[in-house]
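The values are calculated or read from the model by the stated rules, or taken from the named source; none is laboratory data. Just so you know, these numbers come straight off a predicted model, no measurement behind them. When we count neighbours, we look across all protein chains shown, and the Cβ atoms used for this are built from the backbone with ideal geometry, even at glycine. Calculation scope for accessible area: heavy atoms of the full protein, side chains included, ligands and nucleic acids excluded. Shrake-Rupley method; radii C 1.70, N 1.55, O 1.52, S 1.80 Å.
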Amino acid sequence: MDDIVVQGPSIEQGQAAVCAPILRALPAWFGIEEATAQYIRDVEEMPTLLAVVHEAGDVVGFLTLNYHTAYAAEIHVMGVLPSMHRRGVGRALVARAEEALRGKGVEYLQVKTLSPR
């Protein structure tokens, strides 16, 4: 994996601006404009982790969490630039999210996916 640093999770204004291009680069997964726009809004209000190329400072992936209870959370949305697929970026984001959640006492992490139908 390139020299990637995972930052967060945090809720910060402006995160949507760096996450939106990643979602838009993944039309096979995020091709419904209304849903993509909602994910972009959610990034501003939910804890988000950013995968950043250490030297350049470029954001190449992100993962946004949604807390359901004190003990349960969900990966709400996650994306990695296509040029960074198969390099461990997603794995690093999930590992850091799990670490942060364990530190908060969260016992359950879930992710929901949709089929092509």
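Data for the structure
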item	result
Percent carbon-and-sulfur accessible area, the chain, ignoring ligands, DNA and RNA, probe 1.4 Å	53 percent
Extension gain, ASP42 back to VAL18 (0.36 nm per residue minus Cα-Cα distance, nm)	7.3 nm
Pair ARG102, VAL5: separation of 7 Å Cα→Cβ label points (nm)	2.3 nm
Chymotrypsin sites (Phe, Trp or Tyr not before Pro) restricted to DSSP loop in segment 1-60 with at most 16 other C-beta within 10 Å	TRP29
Mean ellipticity per residue at 222 nm, deg cm²/dmol - from DSSP H runs of n ≥ 4 across the chain, formula -39500 (n - 2.57)	-10000 deg cm²/dmol
Exposed-site-free run, longest, the chain (rule: GluC sites (Glu not before Pro); DSSP loop; at most 16 other C-beta within 10 Å)	56-106
FRET efficiency, 1/(1 + (r/R0)^6) with R0 25 Å, evaluated for ARG91 and ALA28 via beta carbons	0.80
Solvent-accessible heavy-atom area per residue, rounded to whole Å², over the chain at 1.4 Å	60 Å²
Kyte-Doolittle mean at least 0.0, axial Cα span of 20 Å or more - DSSP H helices of the chain	89-103
